Amino acid sequence: MRVGASNVAFVIVVLVVVAMADVVLAETPRWIWASEQAREATSADQVAVFRREFEIEQPTLAWITLTCDNEYTLYVNGQRIASDGAWEQRERYEISAFLVAGRNLVAIRGRNIGTSPAGLAVTLTLGTAEGNSRKIVSDERWRVSTQVASGWYRVEFDDREWSAAVQLGEFGQTSPWGVLASRPPAERSISANSSAPTEVAHQPLELRDGDRVALIGGTFIERMQVHGYLETALTVAYPHRDITFRNLGWSGDTVWGDARAVFGQRQDGFRRLLKDLSETEATLTVVAYGANESFAGPAGLADFEVGLAELTDALESTATRIAFIIPHRFEFRGGALPTMEKQNRDLENYVNVLRAFAELRDIPVIDLFDDFIAEPLATDRAAAMLQKTENGIHLSAWGYWMLALSMTDKLEVPLCLPGRRPFHSVVDVDVANANYHAVGTTVHALKIDKDYVQVSLKDTKLVLGLNPAVSAPERGSGMLSKRLRIRGLVPGIYEVRIDGEVVARVDQLQLQQGIELAKGPNYEQAEFLRQAIQKKNEYYFHRYRPQNETYLFLFRKNEQGNNAVEIPQFDPLIQELEAQIKELREPRVHHYQIERTDGAENESK
């Protein structure tokens, strides 16, 4: 058969048009999800995770444009890039810094809220040094799963058991999202919580003036409010900063808010957790989970990681900063109690997830796992007296007091002088040369004689006294004290008075060596501060979590619901106590007298 010139020209044109159509088709993203039904509706609050691997010779310019109905979290090569929940607007991110030569991965966690249609649309544009470009779009080549496994967003994860994504229709042509095609994508900067593949050092956690700190977790957090040591220590550490605390601990709780569900389901507990948090108006949320979840063993790791991501995503959508407390080891108490070896092995797996997740999101951590509970534990009687838990799991009063010292050190706000532990402040007076040296305190109105010293002191911070729940032999090295040294006094017995009250009776040699003052008005003020904090926490506990809430707010409110008006009456009581806390946290000036008392018995108190 002979083909004419006109026919040849026609065939060429057709081929060119077809080729061009293929190119256009290849560069047009498809709406994708885990099932065909997603075009109409999904099951309530369905989460689907997507992966798309690709290779490049050298990292060059790269942009990703996407949206998800209802919200997404984007990862590139295991690094979290950004989150967004406004599906009506596509976002565009420049991600060149996150790519490497060779194998790369884009991973996206999509979430559909309610039972509305769900879909994800993505365009990844890769530029070359020669000015050429290549596009990777959302289509059936993406892998998808509705089961969120541990590490699903990492390059090395094996997704061979996942399904191919289901195409729901072409972007710009598919209902109900067609309107999006007429809106240009919005340029977005990378989230402040993202980090490039290079190592980025964590910034230390800082409590700022004006902070409202919310603490969430299980029994570990809830019992903090009973003793008040940590909150007292942090308040003492920042006497000139207005920092308030809200304890939202709930015994038995998990990242999913399971313990808060009351008579409902897991999702009800999670919503309750977020509701309680929102009402605190926290600027910093300290998250302490992982210990309870670890009793599920390796089988519970994936659920924990998903819950941790859900909670963190929810927190990052608010104005709050976030910090993690990494759980302490379980403690072997001896006797018939278990050694806790298996529990600590399981817990370490959860700790590793927390650490990796915090690094991924660049979240500050207060890590208690390696050093707060010593490993291996001593078994002699003296060490047993200093064990920090009641039963191997829950901290004792002593444990919470030591926790306050440990955490203030880890926050780089020690309550003691560097290198001088356990001293809170040091005063050294040289009578012979009429001079002095003071650290941690300010000296006013110094008067000296050969057998007499009078001085007024205002400490930089209050000093935490001995944990009142334990006796002196058990106090160990955690005791804080003021050191007073007076050199050059004539021989004799001297009384040390603070504001007129005798706190010690010693001779001149003991004063020359230096004495420790373990009581006095600063200690009393710190204890008054702790008691005010305890009472404030008690009132807040009853405010947000009344014991009879079933009758006040839930399904039996028809019986006593009229009494619910009394709950907000805790607010002025809390405000009054916070005013007292503000006054008590500021150290005061105290007057010291060191005076010779002839004939006094040589003893010290």
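List of remarks:
- If the condition is being of a type outside the set (D, E, K, R), more than 33 Å from the chain's Cα centre (by Cα), part of a loop (DSSP other than H, G, I, E, B) and farther than 15 Å from Thr67 by Cα, then region 145-172 contributes only Ala165.
- Cβ-Cβ under 7 Å pairs, at least 6 apart or on other chains, region 493-521 side in contact (Cβ under 8 Å) with a residue 24 or more places away in the chain, far side surrounded by fewer than 16 Cβ atoms within 10 Å (Cβ to Cβ) and among the hydroxyl-bearing types (Ser, Thr, Tyr): Ile493/Thr597; Tyr494/Thr597; Glu495/Thr597; Ala504/Ser604; Arg505/Ser604; Val506/Ser604; Gln510/Ser604
- Being in the same structural domain as Val506 (by TED's automatic domain parsing) and modelled with pLDDT under 80 holds for only one residue in Leu457, Leu446, Leu464, and it is Leu464.
- The one condition from (1) crowded, with 16+ Cβ neighbours inside 10 Å; (2) among the aliphatic types (A, V, I, L, M); (3) within 25 Å of Phe357 (Cβ to Cβ) that Ile56 does not meet is (3).
- So His424, is it at pLDDT below 90 and in a strand (DSSP E or B): yes
- Breaking point among (1) crowded, with 17+ Cβ neighbours inside 10 Å; (2) out of contact with any strand residue (DSSP E or B) (no Cβ under 8 Å at 6 or more places or on another chain), for Val506: (2)
- Scanning region 94-124 for residues that are assigned to a strand (DSSP E or B), of a type outside the set (A, V, I, L, M) and under 18 Å from Phe50 (Cβ atoms) yields Arg103, Asn104, Arg109, Gly110, Arg111, Gly119, Thr123.
- Contact map, region 479-490: residues that are assigned by TED's automatic domain parsing to the domain that holds Ile448 and closer than 30 Å to Ala233 by Cα paired with residues that are assigned to a strand (DSSP E or B) and hydroxyl-bearing (Ser, Thr, Tyr), Cβ distance under 6 Å, separation 6+ or inter-chain. Pairs shown: Lys482/Ser425.
- Qualifying residue in region 293-312 (condition: touching a strand residue (DSSP E or B) at 6+ places or on another chain (Cβ under 7 Å) and more than 22 Å from Glu71 (Cβ to Cβ)): no
- Taken over region 173-185, residues that are in a loop (DSSP other than H, G, I, E, B) and either crowded, with 19+ Cβ neighbours inside 10 Å or hydrophobic (A, V, I, L, M, F, W, C) (or both) amount to 2.
- Evaluation of Phe270 against (1) buried (at least 17 other Cβ atoms within 10 Å of the Cβ); (2) closer than 21 Å to Met407 by Cβ (one fails), failing number: (2)
- Across region 430-452, the qualifying residues are those that are charged (D, E, K, R) and not in a strand (DSSP E or B), and the one among them that is nearest to Ile594 (Cα to Cα) is Asp451.
- Inter-residue pairs, beta-carbon under 7 Å, first closer than 18 Å to Asp84 by Cα and in region 295-315, second part of a helix (DSSP H, G or I), 6+ apart: Leu308/Phe357; Thr312/Arg361; Ala314/Leu274
- Considering residues of region 215-229 that are surrounded by 24 or more Cβ atoms within 10 Å (Cβ to Cβ) and among the hydrophobic types (A, V, I, L, M, F, W, C) only, the residue nearest to Gly392 (Cα to Cα): Phe220
The values are calculated or read from the model by the stated rules, or taken from the named source; none is laboratory data. Nothing here was measured: the structure is a model prediction, and the numbers come from that model. Cβ atoms come from the backbone with ideal geometry, glycine included; neighbour counts cover every protein chain shown.
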